[in-house]
Amino acid sequence: MESKQQEYTVKILGQLQHLFEEASENHIDIKELEDNNNASDFFHALANLAPAVVYNKLTKNNAGSLDFNQIANRLCFQNAHLPVDKSEEEKAKSL
């Protein structure tokens, strides 16, 4: 069974794919992103600006892109699957 995160990721990626289809109303030409400035703008919009807008609408908050970036970093840390250091685990058991 896939997780909700996987389900949401697949759905979001499906919608993002439409951006690169010529028939799309919001078409982005992939060649445009070969320019480093355009690519930087695209990834900033994708990773920071658009998610902050969605977050603000859903939560009724007013987080700017830096504020949202901190929230996103907390989510990354919260969902990270960090390897367990066996020696630390053994020390904890002996306490």
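The values are calculated or read from the model by the stated rules, or taken from the named source; none is laboratory data. These figures come from a predicted structure and were not determined experimentally. Cβ atoms come from the backbone with ideal geometry, glycine included; neighbour counts cover every protein chain shown. Heads up: the accessible areas ignore ligands, DNA and RNA and are worked out on the full protein's heavy atoms, side chains in. Shrake-Rupley method; radii C 1.70, N 1.55, O 1.52, S 1.80 Å.
Among the residues of region 58-77, which ones are more than 20 Å from GLN5 (Cβ to Cβ), assigned to a helix (DSSP H, G or I) and charged (D, E, K, R)?
The answer is ASP67, and nothing else.
Could you check region 10-54 and list, in sequence order, the residues that are open to solvent by 70 Å² or more (accessible area, probe 1.4 Å), under 16 Å from the mean Cα position of the chain (by Cα) and of a type in the set (S, T, N, Q)?
GLN15, GLN17, SER40, listed by residue number.
Which residues, counting only those in region 1-53, are under 18 Å from LEU75 (Cβ atoms), of a type in the set (A, V, I, L, M) and in contact with a Phe, Trp or Tyr (Cβ under 8 Å, 6 or more places away or on another chain)?
Answer for region 1-53, where residues must be under 18 Å from LEU75 (Cβ atoms), of a type in the set (A, V, I, L, M) and in contact with a Phe, Trp or Tyr (Cβ under 8 Å, 6 or more places away or on another chain): just ALA52.
List every residue pair whose Cβ atoms lie under 9 Å apart, where the two residues are 6 or more positions apart in sequence or sit on different chains, the first residue falls within region 25-49 and is farther than 19 Å from LEU13 by Cα, and the second residue, located anywhere, is among the acidic types (Asp, Glu) and surrounded by 11 or more Cβ atoms within 10 Å (Cβ to Cβ).
ASN38/GLU32
So which residues in region 1-34 are assigned to a loop (DSSP other than H, G, I, E, B), under 19 Å from ALA50 (Cα atoms) and among the polar types (S, T, N, Q)?
Once the filter is applied, which keeps residues that are assigned to a loop (DSSP other than H, G, I, E, B), under 19 Å from ALA50 (Cα atoms) and among the polar types (S, T, N, Q), region 1-34 yields SER24, ASN26.
Looking at GLN5, is it open to solvent by 100 Å² or more (accessible area, probe 1.4 Å) and touching a residue at least 12 places away in the same chain (Cβ under 8 Å)?
Criteria met by GLN5.
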